[in-house]
1. Can you run down the residue pairs with Cβ atoms below 8 Å, 6 or more apart or on separate chains, where the first is in region 95-113 and under 18 Å from ALA81 (Cβ atoms) and the partner is hydrophobic (A, V, I, L, M, F, W, C) and in a loop (DSSP other than H, G, I, E, B)?
2. Quick one: what pairs do we get from region 134-148, first residue more than 21 Å from MET186 (Cα to Cα), second open to solvent by 30 Å² or more (accessible area, probe 1.4 Å), C-beta under 6 Å, 6+ apart or different chains?
3. Looking at this structure, is GLN151 over 15 Å from LYS47 (Cα atoms), more than 16 Å from ligand 2 (Cβ to nearest atom), out of contact with any Lys or Arg (no Cβ under 6 Å at 6 or more places or on another chain) and open to solvent by 40 Å² or more (accessible area, probe 1.4 Å)?
4. If you take the residues of region 5-30 that are touching a helix residue (DSSP H, G or I) at 6+ places or on another chain (Cβ under 8 Å) and more than 16 Å from ligand 2 (Cβ to nearest atom), which of them is farthest from ARG212 (Cα to Cα)?
5. Restricted to region 153-182, and to residues that are away from ligand 1 (no atom under 16 Å from the Cβ) and in a loop (DSSP other than H, G, I, E, B), which residue is farthest from the chain's Cα centre (by Cα)?
6. Just the residues that are open to solvent by 60 Å² or more (accessible area, probe 1.4 Å) and without any contact (Cβ under 8 Å) to a residue 60 or more places away in the chain, please, taken from region 170-206.
7. Looking at (1) more than 24 Å from SER28 (Cα to Cα); (2) touching a residue at least 40 places away in the same chain (Cβ under 8 Å); (3) open to solvent by 40 Å² or more (accessible area, probe 1.4 Å), which is the only condition GLN209 fails?
Amino acid sequence: MSALIEFRDVCKTYQMGDTTIHAADHVSFQVQKGEFVAIVGQSGSGKSTCMNIIGCLDVPTSGTYLLDGQDVGGMSRNELAAIRNKMLGFIFQQYNLLPKLTLLENVEVPLMYAGMPKGDRRERAKIALEMVGLGDKLKHKPLQLSGGQQQRVSIARALAGDPAVILADEPTGALDSHTGREVLTMLQQLHAAGNTVVLITHDNSIAVQAQRIIRLEDGRVVYDGDAHAPEAVVTPGLAGKGAAQ
Ligand SMILES: Nc1ncnc2c1ncn2[C@@H]1O[C@H](COP(=O)(O)OP(=O)(O)OP(=O)(O)O)[C@@H](O)[C@H]1O
Ligand SMILES: [Mg+2]
């Protein structure tokens, strides 16, 4: 069976005048269905670069990205949008909820883009909000909720379309530590229920909540393995040592 996510020698470069920035430098890894993987690294290590590629928001400069066996690199913008809608559920640090819409309508948005009929998407959105414990607030607006509750709405929105991959980019970044833990517990529950979860974070203490860690430094994978192995966690201050440009 092929991997759900496969990076083969993925490179992403940016040209800044005379300098070439290697934001992703020959990155290779696979994520199987049902895994919970954290991609971790310091600021500038290439996390967002990899996240944008995994999420079909960007394509590699060279190398191959296969999502469920399909080569994403050669796809047009429309094809990327279509595969994104079908395969991926996004959770962002800033929730990205639409303030004028109710919670129910917010969760319905990606289902609408996916072409789901109104009745079905209402029902799906309602179930997803019930799953995150907000079934009694369907008609509320996002700003009537706490940060943690808003993040739960965004989890519901990510889940509602039953995506193959849940992609969470610093999902606890805007939350206090207690609420952040609740959100992480929810991601662990989604994993336990069989979902594939990819979590992007700069924070080791969050990354170790996953099953597996992929650590980036200067665009390269420097560790890929068990989140609980001693070498999975680097001492702050030592990370990136010797990486001066
Ligand atoms: N559009 C761009 N143009 C030029 N350089 C870029 C661009 N996007 C990213 N980079 C560079 O690529 C490298 C990796 O950036 P990336 O945003 O992936 O890091 P990150 O790990 O997400 O960092 P952070 O934790 O600060 O979000 C950095 O050196 C960054 O400056
Ligand atoms: Mg980033």
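1. These pairs meet every condition: VAL109/LEU98; VAL109/LEU101.
2. Correct list of pairs: LEU143/PRO99.
3. The answer is no for GLN151.
4. Ranking the candidates gives VAL10 first.
5. Residue satisfying both the conditions and the ranking: ASP176.
6. Matches in region 170-206: ASP176, SER177, HIS178, ARG181, GLU182, THR185, GLN189, ALA192, ALA193, SER205.
7. With respect to (1) more than 24 Å from SER28 (Cα to Cα); (2) touching a residue at least 40 places away in the same chain (Cβ under 8 Å); (3) open to solvent by 40 Å² or more (accessible area, probe 1.4 Å), GLN209 is out only on (1).
The values are calculated or read from the model by the stated rules, or taken from the named source; none is laboratory data. Here the structure is a predicted model, which is why all the values come from computation and not from measurement. When we count neighbours, we look across all protein chains shown, and the Cβ atoms used for this are built from the backbone with ideal geometry, even at glycine. Surface accessibility is based on the protein's heavy atoms, side chains included, excluding ligands, DNA and RNA. Shrake-Rupley method; radii C 1.70, N 1.55, O 1.52, S 1.80 Å.
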